[in-house]
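The values are calculated or read from the model by the stated rules, or taken from the named source; none is laboratory data. Predicted model only: the values in this text are computed from it and were never measured. Cβ sites come from the backbone with ideal geometry, for glycine too, and all protein chains shown count toward neighbours.
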Amino acid sequence: MATLERTAEGRKRVNGWLWLLAAGVVEIAWAQSIPPTKGLTRFWPSVVCIALCVAIIWLLARATLAGVPVSTAYIVFTGMGAAGAVLLGLAVHHDPVTPVRLGALVLITGGVLLAHAAH
């Protein structure tokens, strides 16, 4: 019986991290959806932006419900969003590659990994 409980708990924990990963991906999409709204003055881009924001909240709630502590979930989530925004800026928007930007990316990634390891 104890083995079944541990297996179920492990599955619950993995599911929580999958929900959190999904929230991070949607958060990156949400950040990219903000500029087309032109300050929430364009209807359909604004609807997409708000829908993505609601999806983020739902996915984060699912992650915490599945056992990921709120503090860890938020650190990992914001780190994924920040790193994703930097990477998209470099790859898609042709932001300049600078040592400071790369250093920030390394620090963000290191912080997310450390928070995950502390869980």
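Tabulated values for the structure
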item	result
The stretch 32-70, residues that are of a type in the set (Gly, Ala, Ser), out of contact with any Leu (no Cβ under 8 Å at 6 or more places or on another chain) and touching a residue at least 40 places away in the same chain (Cβ under 8 Å)	Ala66, Gly67
Answer residue from the stretch 109-119, given it is under 10 Å from Ile75 (Cβ atoms) and assigned to a helix (DSSP H, G or I) and is farthest from the chain's Cα centre (by Cα) among those	Ala118
Count of residues meeting criterion [modelled with pLDDT of 95 or more and not in a helix (DSSP H, G or I)] in the stretch 1-33	0
